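Heads up: the structure comes next, in structure tokens.
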Amino acid sequence: MRFAFWEGLPATIAMNESSHAAAAVFDRFERVVDPTLYRPLPADDFIGMTDVVNSTQAIKEGRYKAVNLAGAAAITAVMNAVPDESFPFVFGGDGATLAVGSRHAADVRDALARTAAFARDELRLDLRAALIPLSVIRAAGLDVRIAWFQPSPEVRYAMFSGGGLEFAEAQMKAGRFAIEPAPIGQKPDLTGLSCRYMPIISRNGAILSLIVKRAEGAGEAEFAAAVMEILSLLHQLDRDGHPVPTEGPPVRWSSQGFELEARASRRREVLAWRKVKLAFIVAASWLILKAGMKVGTFDPAHYLRQTTQNTDFRKFDDGLRMTLDCSEATADRVESRLTELRDRGVLSFGAFRQKQALVTCIVPDPRHNDHMHFVDGAEGGYALAARMLKGSAVPM
């Protein structure tokens with residue numbers, strides 16, 4: 001199968017600092033279904049996974065921001081637990097998936113156990129976690145392969161293929177390879193995690209949360225062609241449907257986000273004192289960003305623009321996952337075409353519309369350009385799209 005749309009766009013090959021297999025790095029998202037880009041993970045890798053149990057109830061209670069924070073917390077906790085490893089991961093809204101080498105398995109297990117405890121004690125959420133050996137996935141006849149999508153020069157996000165992640169998710173939800181939450185008081189290191197921005201209102205009418213999976217029995221080339229068709233349709237949108245404005249998110253702080261960030265702090269002070277300290281930081285940040293004041297090497301206008309560039313509004317983890325700002329008419333066209341492709345046995349999909357998007361951030365140092373931002377729909381997003389997934393064989 002020729003992917004003529006990609007010709008003239010060679011991918012670079014990079015070696016992950018963590019000794020993961022060499023994998024292609026590409027900057028045109030349309031290449032995400034090119035099978036030649038993906039490389040198998042090392043044989044001794046482990047797949048870490050988290051998932052908020054009964055996230056639907058939290059959504060009904062208006063606490064989806066907390067659900068998103070729990071998903072991003074797992075990534076942050078592992079980053080801080082193994083700072084010498086640049087590991088591949090994907091944020092899934094109500095959970096996260098990551099791959100780490102065996103030498104870090106014990107540290108990652110501890111970080112995920114502490115994250116589950118944090119979700120239980122501070123967020124009132126039941127966070128399921130597991131660490132699955134890649135060897136188990138391969139013994140089932142599946143694989144996990146990666147490529148790197150680079151939306152900006154300083155940030156890259158892992159894309160996964162091979163069918164192994166769906167198998168791993170089923171194992172986790174069946175209670176296999178489970179990680180029990182740590183005891184009360186054992187919090188993870190969530191330094192850099194924040195969720196201060198208010199929800200971003202759609203500029204075109206709808207925030208469309210979309211998940212597209214290959215149907216059982218469908219060929220990879222057939223599914224790739226279907227994904228390319230959908231991406232071509234969305235290419236007509238302004239910035240491919242990016243939900244975050246070019247100039248960055250609006251500088252308005254969320255009271256719910258403030259509460260959650262205070263709870264994520266590892267400080268041993270009582271919550272009220274943590275809030276007092278955080279209030280000074282947030283007030284100073286708001287003033288600097290709102291006024292556009294340069295402080296040393298920090299340029300607030302550049303930081304906000306970089307936030308948009310670094311946002312992961314499109315990804316691939318055994319299927320396409322996107323958060324898009326589009327008109328209701330465009331959402332209708334996309335869902336209509338996906339329905340036709342589903343009825344032909346090419347794919348399954350889940351879609352959910354809302355009016356706003358959420359951004360959850362990992363910012364180790366705001367003076368650098370490598371801060372990462374995870375976007376999801378604000379009223380259920382990926383979690384509700386997954387529950388509407390047509391023909392899914394994965395238990396919800």
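The values are calculated or read from the model by the stated rules, or taken from the named source; none is laboratory data. Remember, predicted model here, so these are calculated numbers, not experimental data. Positions of Cβ are generated from backbone atoms using ideal geometry, with glycine treated the same way; all protein chains shown enter the neighbour counts.
Residues that are among the polar types (S, T, N, Q), surrounded by fewer than 21 Cβ atoms within 10 Å (Cβ to Cβ), touching an Asp or Glu at 6+ places or on another chain (Cβ under 6 Å) and in a helix (DSSP H, G or I) are absent from the stretch 137-157.
The single residue among Val52, Val67, Val78 that is in a strand (DSSP E or B) and surrounded by 24 or more Cβ atoms within 10 Å (Cβ to Cβ) turns out to be Val52. Screening the stretch 159-204 for residues that are among the acidic types (Asp, Glu) and farther than 30 Å from Ala224 by Cβ and picking the one that is surrounded by the fewest Cβ atoms within 10 Å (Cβ to Cβ) gives Glu180. If you filter the stretch 344-368 down to residues that are modelled with pLDDT of 95 or more and charged (D, E, K, R), you find that the one that is nearest to Gly319 (Cα to Cα) is Arg344. Hey, does the stretch 146-156 have a residue that's farther than 30 Å from Asn369 by Cβ and modelled with pLDDT of 95 or more? Checking the stretch 146-156: not a single residue is farther than 30 Å from Asn369 by Cβ and modelled with pLDDT of 95 or more. Scanning the stretch 88-119 for residues that are in a strand (DSSP E or B) and of a type in the set (A, V, I, L, M, F, W, C) yields Phe89, Val90, Phe91, Ala96, Leu98, Ala99, Val100. Determine whether Gly345 is in a loop (DSSP other than H, G, I, E, B) and either more than 30 Å from Asp143 (Cβ to Cβ) or not aliphatic (A, V, I, L, M) (or both). When the stated conditions are applied, Gly345 passes them.
Out of curiosity, is Ile207 crowded, with 17+ Cβ neighbours inside 10 Å, in contact with a helix residue (DSSP H, G or I) (Cβ under 9 Å, 6 or more places away or on another chain) and within 30 Å of Ser255 (Cβ to Cβ)? It is true that Ile207 is crowded, with 17+ Cβ neighbours inside 10 Å, in contact with a helix residue (DSSP H, G or I) (Cβ under 9 Å, 6 or more places away or on another chain) and within 30 Å of Ser255 (Cβ to Cβ). The one condition from (1) in contact with a Gly (Cβ under 7 Å, 6 or more places away or on another chain); (2) modelled with pLDDT under 95; (3) polar (S, T, N, Q); (4) closer than 29 Å to Leu231 by Cβ that Asn16 does not meet is (1).
The C-beta contact set for the stretch 107-121 (first residue surrounded by 20 or more Cβ atoms within 10 Å (Cβ to Cβ), second residue assigned to a helix (DSSP H, G or I), distance under 6 angstrom, 6+ apart or interchain) comprises Val108/Val78; Ala111/Ala77; Ala111/Val78; Ala111/Ala81; Thr115/Ala73; Thr115/Ala74; Thr115/Ala77; Ala119/Ala70. Remark: pairs (first residue in the stretch 166-182, outside any helix (DSSP H, G or I); second residue polar (S, T, N, Q); Cβ separation under 8 Å; 6+ apart in sequence or on different chains) = Phe177/Gln171. For the stretch 340-350, the candidate set comprises residues that are touching a residue at least 40 places away in the same chain (Cβ under 8 Å) and surrounded by fewer than 20 Cβ atoms within 10 Å (Cβ to Cβ); within that set, the residue that is nearest to the chain's Cα centre (by Cα) is Arg342. Residue count for the stretch 183-209 satisfying the condition of being in contact with a strand residue (DSSP E or B) (Cβ under 6 Å, 6 or more places away or on another chain) and either hydroxyl-bearing (Ser, Thr, Tyr) or part of a helix (DSSP H, G or I) (or both): 4. Can we say Arg145 is more than 21 Å from the chain's Cα centre (by Cα) and of a type in the set (D, E, K, R)? It is false that Arg145 is more than 21 Å from the chain's Cα centre (by Cα) and of a type in the set (D, E, K, R).
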